[in-house]
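Here's the structure we're looking at; comments come further down.
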Amino acid sequence: MSKPEAFPGLAEFVTATAGRNMTKAAYAAVTIGILMVVLLTIDEAYAAARHWIEGVLWGCLAFFAFEWLVRIRRAASTGGGTRYLLSGRGLVDAVCAIAVPIALLCGAGDRTAWLFAVLWIVKVFPGVPGLRQLRRVLVLESGPLLSVLVLFLMVLFLGSAAVYALEREAQPAVFGNLPSALWWAVVTLTTTGYGDAVPITPLGRLVAGVVMICGLGVFGLWTGILATGFAAETRRDNFLRTWESVTKVPFFANLGPAAIADVTHMLRTLDLPPRVVIIRKGQRGDCMYFIASGEVEVDLPGKKVRLGEGAFFGEMALLGNNLRSANITTTRLSKLLVLDLVDFRLLVARHPDLAQTIDAEAKRRALENQ
């Protein structure tokens, strides 16, 4: 018999800390640490509560160092210590644990060294789903994005060179060298317009107008590429989740990929708030539902059954039994995928082998209901 843990709670905490995902304690440490860094820069707050602020910061630093060491130990026990240390997550953990101590050892002042604690916020990036999606979009759309970047650099250098040539004699203090003109071009291309450097010659203003218009076009292209990429990734994720839901339905499970793809494209989305009656007992049904997210409650004789994400209901309407047999209500905010009877019949026409599967399922349900 294995020896029981003396502190099971501590063991669970260490196990959670050694994992890849951020723990609640880590999120709390990042939030509190960043707040202390902000207070550190306010003279009045720092003078009034210096020891408290630095004490909390040292506590957060100790937690991140502990987290780093636990992950090194876990990785080393599985033979992947070097791989973890050289991975992106390992490097982030290392920087968060040693950046402030190194700054202190190099002679930086306390308030200056603790500014490196802002790096702690980088730890939350891997846990943000949207950022993972952004990374995929950047990889998939790297070609178009780089093409627009080349266009941006071309306009930047051509515009700055033109303004330098046209304005250097009229404004030697402002456009006396190409780096100054490059600064103006960046400010103009991004439509920021600080006004610290402005062409005054007619040709210089003409070039500035062209640069402004090009800046709108370049950033519009970047925005369009990213928006299209995000939309495509969202459709892909939704398609995969819908595909998984469809394959869980018994009389869809044995279909080929082409038929399941047709079903997935035919589904329409229905977003419902809590306590909405979806189906009433005795009414005629003309569709079935898949639960993409949320939960519904089925009111059966003598009991109530709750169905969650991935479940389905109302399929008997597609099998010839149009009368609903129970009341079904949402229990919380839910997203449903609906397959209408008309689309289902069109699907059967496209895939005749599905009719045999449906007949078999209908006979099985009829025997169950006898």
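Before moving on, here are some points about what is shown:
- In degrees, nearest ten, helix 129-140 long axis to first principal axis of the chain (Cα): 80 degrees
- Checked against a 21 Å cut-off, the cross-linked pairs LYS248/LYS335; LYS24/LYS123; LYS281/LYS303; LYS24/LYS335 give Cα-Cα distances beyond that limit for LYS24/LYS335.
- ARG324, ARG205, reordered so the largest accessible area comes first (probe 1.4 Å): ARG205, ARG324
- LYS123 sits with roughly 10 Å² accessible to a 1.4 Å probe, with DNA, RNA and ligands left out of the calculation.
- Against the chain, whose longest principal axis is taken from its Cα atoms, helix 50-77 shows a tilt of about 60°.
- √(5λ) per eigenvalue of the Cα gyration tensor, the stretch 140-188, largest first, Å: 28, 8, 6
- When only the Cβ of Lys, Arg, Asp and Glu is charged (+1, +1, -1, -1), the dipole of the chain relative to its Cα centre reaches about 1000 debye.
- Listed residues GLY107, ILE260, MET154: farthest to the positive end of the dipole of the chain (Cβ charges): ILE260
- Residue ranking by accessible heavy-atom surface, 1.4 Å probe, largest first, among ARG71, ARG275, ARG241 comes out as ARG275, ARG241, ARG71.
- Cβ-placed point charges (K, R +1; D, E -1), dipole of the stretch 94-178 about Cα centre in debye, nearest 20: 420 debye
- For the stretch 136-212, the list of chymotrypsin sites (Phe, Trp or Tyr not before Pro) that fall in a loop by DSSP and count at most 11 other C-beta atoms within 10 angstrom reads TYR194.
- Signed unit charges on C-beta, dipole axis of the chain, positive-most listed residue TYR164, ALA349, GLY294: ALA349
- Computed accessible area, MET316, all protein chains, 1.4 angstrom probe, square angstrom: 50 Å²
- The overall shape of the chain is oblate: from the C-alpha gyration tensor, with semi-axes ordered a ≥ b ≥ c, the ratio a/c is 1.5 or greater and a/b is no larger than b/c.
- Prolate/oblate/rounded call for the stretch 169-257, Cα gyration tensor, a/c under 1.5 rounded: prolate
- Given charges at beta-carbon only (K, R positive; D, E negative), |dipole| of the stretch 196-294 in Debye: 500 debye
- The stretch 229-321, accessible area per residue, ligands and nucleic acids excluded (1.4 Å, Å²): 53 Å²
- The simple Förster model, with R0 at 35 Å and r as the Cβ-Cβ distance, assigns THR228 and ARG306 a FRET efficiency of 0.35.
- Calculated FRET value between LEU153 and LEU131, using beta carbons and R₀ = 22 Å, to 0.05: 0.25
- Accessible area of ASP110 (1.4 Å probe, protein heavy atoms only, ligands and nucleic acids ignored): about 60 Å².
- In plain terms, the chain is cut at each of the GluC sites (Glu not before Pro) found in a DSSP loop with at most 15 other Cβ atoms within 10 Å, and the longest leftover piece is 6-168.
- 0 to 90° range, to nearest 10: angle between helix 341-350 axis and the chain longest Cα axis: 90 degrees
The values are calculated or read from the model by the stated rules, or taken from the named source; none is laboratory data. Computed from a predicted model, the values in this text were never measured in an experiment. When we count neighbours, we look across all protein chains shown, and the Cβ atoms used for this are built from the backbone with ideal geometry, even at glycine. Areas reflect the complete protein model, heavy atoms only, side chains present, ligands, DNA and RNA absent. Shrake-Rupley method; radii C 1.70, N 1.55, O 1.52, S 1.80 Å.
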